[in-house]
Amino acid sequence: RLREPEDGDAGNFVVCADLIPDNESGWVYLSGVVLARLTPASGSEEESDFADVESGSCVLVMSAAGSARIEWKSTVAGDDGNVWALIRFPIGSGTPQLYKAVADASGGQISVKAIDSNGDVVGDEIVLEVLP
């Protein structure tokens with residue numbers, strides 16, 4: 001279930017591959033290099049090389065630090081002030097995040113858990129519905 005970001009959600013986001021209507025399923029990216037809409041940080045005139053979620057906004061916000069690196073961004077803003085950008089996420093220590101995925105017996109859901117290099121679960125479980 002998708003929701004607007006809240007305080008403390010920095011670094012914990014997915015990028016939707018397309019618009020997902022209410023009560024429908026859709027594709028999302030958990031990591032990688034993807035095209036995304038970004039909004040400039042309010043009151044910031046400095047060059048922003050990173051982006052992250054901000055409470056109450058479903059558009060990534062450009063910043064001087066964050067969990068997504070901006071690889072390229074358009075110099076032309078849309079009517080809403082947002083720009084298209086190519087981002088790489090997540091970034092961090094240089095070690096890619098590992099995930100363990102397990103399908104349930106019926107094949108209707110997949111449970112995804114972030115794990116560390118020892119195979120220990122780190123963070124919350126994400127349950128994904130399998131699309132037909």
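The values are calculated or read from the model by the stated rules, or taken from the named source; none is laboratory data. Note that the coordinates shown come from a computational prediction; the quantities given were computed from them, not determined experimentally. Here the Cβ is made from the backbone with ideal geometry for all residues, glycine too, and neighbour counts use every protein chain on show. Ligands, DNA and RNA are excluded from the accessible area calculation, which covers all protein heavy atoms including side chains. Shrake-Rupley method; radii C 1.70, N 1.55, O 1.52, S 1.80 Å.
Total residues in segment 56-86 satisfying the condition of being within 22 Å of Gly32 (Cα to Cα), open to solvent by 50 Å² or more (accessible area, probe 1.4 Å) and small (Gly, Ala, Ser): the figure is 2.
Restricting segment 6-42 to residues that are among the polar types (S, T, N, Q) and within 11 Å of the chain's Cα centre (by Cα) leaves a set whose member that is farthest from Pro90 (Cα to Cα) is Asn12. Restrict the check to segment 29-37 and report whether at least one residue is at negative phi, of a type in the set (A, V, I, L, M), open to solvent by less than 30 Å² (accessible area, probe 1.4 Å) and in contact with a Gly (Cβ under 7 Å, 6 or more places away or on another chain). So far as segment 29-37 goes, no, none of its residues is at negative phi, of a type in the set (A, V, I, L, M), open to solvent by less than 30 Å² (accessible area, probe 1.4 Å) and in contact with a Gly (Cβ under 7 Å, 6 or more places away or on another chain).
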